[in-house]
1. Between Ile173 and Lys120, what is the label-to-label distance in nm when each label sits 7 Å out along the Cα-to-Cβ direction?
2. Tell me, what ³J(HN,Hα) does each residue in the stretch 87-100 have, in order and in whole Hz, if you take phi through Karplus 6.51 cos²θ - 1.76 cosθ + 1.60 with θ = phi - 60° and put x for Gly and Pro?
3. Starting from 0.36 nm per residue, how many nanometres of slack lie between Lys99 and Lys318 once their C-alpha separation is accounted for?
4. Which order do the peptides 58-65, 304-311 come out in when sorted by mean C-beta neighbours inside 10 angstrom, highest first?
5. By how many nm would the segment from Asn140 to Phe67 grow when fully extended, if each residue of separation counts as 0.36 nm and the alpha-carbon distance is taken off?
6. Quick one: which residues, 5 or more positions from Ile146 or on another chain, have an amide H under 5 Å from its amide H? H modelled 1.01 Å from N in the peptide plane, none for Pro or chain starts.
7. Which ³J(HN,Hα) values, rounded to whole Hz and listed in residue order, are derived for the stretch 211-220 from phi using the Karplus coefficients 6.51, -1.76 and 1.60 in 6.51 cos²θ - 1.76 cosθ + 1.60 with θ = phi - 60°, glycine and proline given as x?
8. Taking amide hydrogens as modeled 1.01 Å from N in the peptide plane, which residues meet the under 5 Å criterion relative to Ile269, leaving out close sequence neighbours?
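The values are calculated or read from the model by the stated rules, or taken from the named source; none is laboratory data. Remember, predicted model here, so these are calculated numbers, not experimental data. With ideal geometry, Cβ positions are generated from the backbone for all residues, glycine too; neighbour counts draw on all protein chains shown. The protein model used for the area step is the full one, side chains on, heavy atoms only, and it has no ligands, DNA or RNA in it. Shrake-Rupley method; radii C 1.70, N 1.55, O 1.52, S 1.80 Å.
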Amino acid sequence: MINTDKNNSFIYESKIESLSFLKDLALIFAKPAAVVYTALVLLFAFLEQGINKIVFLVPLLILSAVFLIIILMLFIMFIWEALFSPYKIFAEDGCLICKFFFKKILVINTKDILFVKRHKGHSKGRGAFYKNKYTLFLKNGKKYMINCFIFRNSSDISFFFTNITKSYNKKYIKHISDEKNTFPEIFHKDIYCFYILKNSLVILLVLCLIVLFIYFIFTRIFLAAIFTFAVLAAIPAVPVKIIMNIKEKTVILKSFCGIKIHRICFHEINRIIISNNLNISVTAMFNDKNKKQKIFLLSPYKSKYRDQIFKILHIIFKNKISFDLTGDEALISNKVKL
């Protein structure tokens, strides 16, 4: 890897440092494997009506076959990603050049990149985290995915792409700041509602879950019935609708069942902070310091809805809005014109 600070250029050549991810996989599967193996041993001990070699060997063979299939699938996925990921990346003289094994060389003018979406992953130990996998959205509507997972260290690439998205977000914030006085003329209604999902889709989902629950009860598949019931019970606690009342200066989040989850009022709020770390979220800081802050996510909403929500928030809360954009999420997509 070569990094030159003077012209902000760098070169990456693929070097797989180690297969340390196998250690992580082993730790993830160790406990479940031990539990399954113990259960199988007890089952075969019951079937054999005693303890012998079969009781210990057959469960071991079953688990070995399962893990062999899993490792083989992971290895195939690893090879597939490696073959169709760039093995060399150049960033020089305003161009991004990627060389692939089975693709033609990709050359992108960095000025043509609108913003970069960084893909996310989740692990038991780390929780949510950013992958070294990026989708580049260009101004002409095209998009390219670049997976940098085979590079030993891709900090320069991350910094490079993050700066592009930061510049895009700054441009949007400037647009909001310059145009905020015109928002009351555009949004002249008293109430605006925004949905994560259409009502018909949510109703269909609930009906399907109810039918499944009844079916599992009658067929005595109680484990599946308990799981289905847990999903049904969780639906009322998930906000799927934002009601923004400009006249009363309130923001209310409701679930599918109409249960009010959050109510944020202008007179109770000291600060509204919009951040973009892993998700686009809104944090309401109350005047009463003893009152717990409220956070709700805007990532599940369509980009055009987020654009409208940001603008209406500026109408309701006026100068109480601030941005804390240290993450890699683009506030809006290229479908919204600035």
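1. Simple spin-label model gives 2.0 nm for this pair.
2. Per residue, the Karplus-derived 3J(HN,Hα) values read 8, 8, 10, 10, 10, 8, 6, x, 10, 10, 10, 10, 10, 10 Hz.
3. Taking 0.36 nm per residue and subtracting the Cα distance, the gain is 74.0 nm.
4. In decreasing order of mean packing, 58-65, 304-311 become 304-311, 58-65.
5. Values: separation 73, 0.36 × 73 = 26.28 nm, distance 4.54 nm.
Length difference between fully extended and current span is 21.7 nm.
6. Tyr134, Thr135, Leu136
7. Result, ordered by residue: 4, 4, 4, 5, 4, 5, 5, 5, 8, 6 Hz.
8. Residues meeting the criterion, in which the H sits 1.01 Å from N, are Asn287.
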